[in-house]
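These notes concern the structure reproduced below.
The values are calculated or read from the model by the stated rules, or taken from the named source; none is laboratory data. Note that the coordinates shown come from a computational prediction; the quantities given were computed from them, not determined experimentally. We place every Cβ from the backbone using ideal geometry, glycine too, and count neighbours over all the protein chains shown.
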Amino acid sequence: MKKLGCLALCLLLLAGCGARRGGDRQSQSATLFAMDTVMDLTAYGPKAQEALEAAEAEVDRLDARLSAQRPDSAVWEINQGGGAPVPVDGEMAALLERALAFYGDTGGALDVTIYPAVEAWGFPTRAYRVPDQAELAQLREVVNGGAVALTGDTVTLAPGMKLDLGAVGKGYAADRIVELWTELGVTSGLLNLGGNIHCLGAKPDGSDWLIGIRDPEDEGETLCAVAGCDMAVVTSGAYQRNFTQGGVTYHHILDPATCAPADSGAASVTVIGPSGFTCDALSTALFVMGPDRAAAYWREHRDFDMVYYTQDGALFYTSGLEGRLTLRDGLEGQMLT
Amino acid sequence: MRERRFLTPGEGIVLAVLALGAAVWLALPKRTGARAVLERSGAVLGRYALDAPQRVPVQGANGFSLTLVIADGAAHVEGSTCPDLICQRHVPISRTGEAIICLPGEVSVTIEGGERLEQDAVSG
Amino acid sequence: MNKTPFPADTPARRVALFGMLLALTVALSWLERLIPTDAIVLGAKLGLANLVVLCGLYLFPLPWAVALTALKIAITGLLFGNYYSLLYSAAGGALSFLAMYLCKRLGRTMAFTSVMGGVFHNIGQLCVARVILGSMGVLAHLPALLLAGIGAGAAIGAVGALILRRLWSSFD
């Protein structure tokens, strides 16, 4: 029976080879509720605990600054300006500048002044209602990203205008956390900020992260999965927040041009790229644009990748995802080139 | 003369248990796999569906190269420049857990299951 | 177990037998290359040349047996193999020899010793593959390699016992 002991010992040694190669696989995870969503954060390595604490503090800080609903947030203060210039710090000025650049670049599809319309539909308070045509026409007067006057350290909104950074806030938060973690020396981590995924580095074993993209029709299913590292994977879908009234379902992605839920033919748009902010902004904008304009936008820029799933059940993806995208069995995809 | 006995009864039992254990392990139900996972030095280079015939050129370690061939629902290795060619002689693999290894090139091809890929997170 | 493994041991006889066995490993290694068992179970070989190592262990004092094993690995590695197969055989050979030596010391039968040699030879090789490739995939081969090791080890052990019986009776 000593032989069996010997064999068992050897098998243990064999298993030991595996554990050694892994190096430091310490990981720490946290779940928190912030920015009106559930966030799952996982950091790997010896600094994982420190990284999580830093991330939680940063998320709290940003939530307190960027929320359009919280009184005394930086955004709330800007919205109370009533036509007068409101002083902003460097971070807010930079954020607004980037967001306004997307307004111009996407032909107004991403508009941070959408908040009056968001409020009118009842999304912040969940007291949902359907504004009538006259009200929508009124809203269109005050939803105008082009009218935001941003100077070096002040921002001025016309009376009635209100900012909402909801379309970029989570993406910005992800970028900030990645920045903090990188400073701490964390080389591997995974952020899930309410469906906005951000992968830092590769997985601890050196392999690619594999990020699924939700099936809009079925919460438990995925359409496909994207492999990669150091990437943000952000999805905008009509299923994320909506309400039904009079047999019609209204979702939360409002088209700034109509101030009503975007009816572009998109069911879900996922943008993959290095910057969480950019992916967040573009996923909303490309959803609003609809498949044809989105494809044209990608061909013009080609500095991000996307998976576009239409209401007709068609899926197309950009050529940068070739070899990294695994489609669900039976699902056909078309590659944009 | 010594060593009259070929095996003592105790030894026979140990070997029988060992062989049986290995045989049961080997006979564990194995499903037909869905993908071949290509790895070099422990890093995943790619995943290839077994139902999509293709040839994947692989640049291995130490200057060796080979071609991963997906054909007839199975994976095998061709055109390896490694010296021992064990990888190239190996029969095509198609069942979960099976693997072809090129030690000189530090390349391994492992078959993984037909179930959904293990996703780290879901965006949406 | 008899403490003097080699009956009528004289230096001349011992050297002659040593050389003969070493030559035999080369012949057996060449023969083995003609049988492509490694295409079915990854990297598995019959281990015909291990027959010689096994006999050496029973015929010679420990230092001679170690020398025979090391020379066998070096010579066949240089003749038929390459750096990588040498690495493989060295790891497998060393672990296998250790296992067989322990078995013999514990008074196990030759067949059992041989099986343990075969099993641990494969475990040693798998360890090398595991470290170099860093892939868990190689572990999938463990059961098949264990079975192959048991089978090949038993066959080699049976032949070895037969050979030794003849050898000893010829010396007696």
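Things worth noting here:
- There is no residue in region A:64-71 that is in contact with a strand residue (DSSP E or B) (Cβ under 9 Å, 6 or more places away or on another chain) and either buried (at least 18 other Cβ atoms within 10 Å of the Cβ) or within 30 Å of residue A:90 (Cβ to Cβ) (or both).
- Residue under evaluation residue B:80, criteria (1) modelled with pLDDT under 85; (2) surrounded by 13 or more Cβ atoms within 10 Å (Cβ to Cβ); (3) within 24 Å of residue C:126 (Cα to Cα); (4) more than 10 Å from chain C (Cβ to nearest Cβ), criterion not met: (1)
- All strands (runs of 3 or more DSSP E) inside region A:182-259 with 3 or more residues being under 20 Å from residue A:167 (Cβ atoms): A:189-193, A:196-200, A:231-237
- Qualifying residue in region A:64-74 (condition: closer than 21 Å to residue A:278 by Cβ, out of contact with any Phe, Trp or Tyr (no Cβ under 9 Å at 6 or more places or on another chain), of a type outside the set (Val, Ile, Thr) and in a helix (DSSP H, G or I)): yes
- When residue C:75 is tested against (1) surrounded by fewer than 22 Cβ atoms within 10 Å (Cβ to Cβ); (2) in contact with a Pro (Cβ under 9 Å, 6 or more places away or on another chain), only condition (2) is not met.
- Which numbered condition residue B:66 misses (of (1) at the interface with chain C (Cβ under 10 Å from one of its Cβ atoms); (2) touching a Ser or Thr at 6+ places or on another chain (Cβ under 8 Å); (3) surrounded by 14 or more Cβ atoms within 10 Å (Cβ to Cβ)): (1)
- Complete set of residues in region B:3-44 that are more than 10 Å from chain C (Cβ to nearest Cβ), charged (D, E, K, R) and surrounded by fewer than 20 Cβ atoms within 10 Å (Cβ to Cβ): B:31
- Among the residues listed as B:60, B:79, B:97, the single one being within 30 Å of residue C:79 (Cα to Cα) and touching a Gly at 6+ places or on another chain (Cβ under 9 Å): B:60
- All positions within region C:55-109 that are of a type in the set (D, E, K, R), within 14 Å of chain B (Cβ to nearest Cβ) and part of a helix (DSSP H, G or I): C:104
- Positions within region B:69-95 being in contact with a helix residue (DSSP H, G or I) (Cβ under 9 Å, 6 or more places away or on another chain) and either assigned to a strand (DSSP E or B) or among the hydroxyl-bearing types (Ser, Thr, Tyr) (or both), in sequence order: B:76, B:77, B:78, B:80, B:81
- Selection over region C:143-158 of residues that are under 17 Å from residue C:35 (Cβ atoms), crowded, with 24+ Cβ neighbours inside 10 Å and small (Gly, Ala, Ser) gives a count of 4.
- Among the residues of region C:116-139, those that are crowded, with 22+ Cβ neighbours inside 10 Å and closer than 30 Å to residue B:7 by Cα comprise C:116, C:117, C:118, C:119, C:120, C:121, C:122, C:123, C:124, C:125, C:126.
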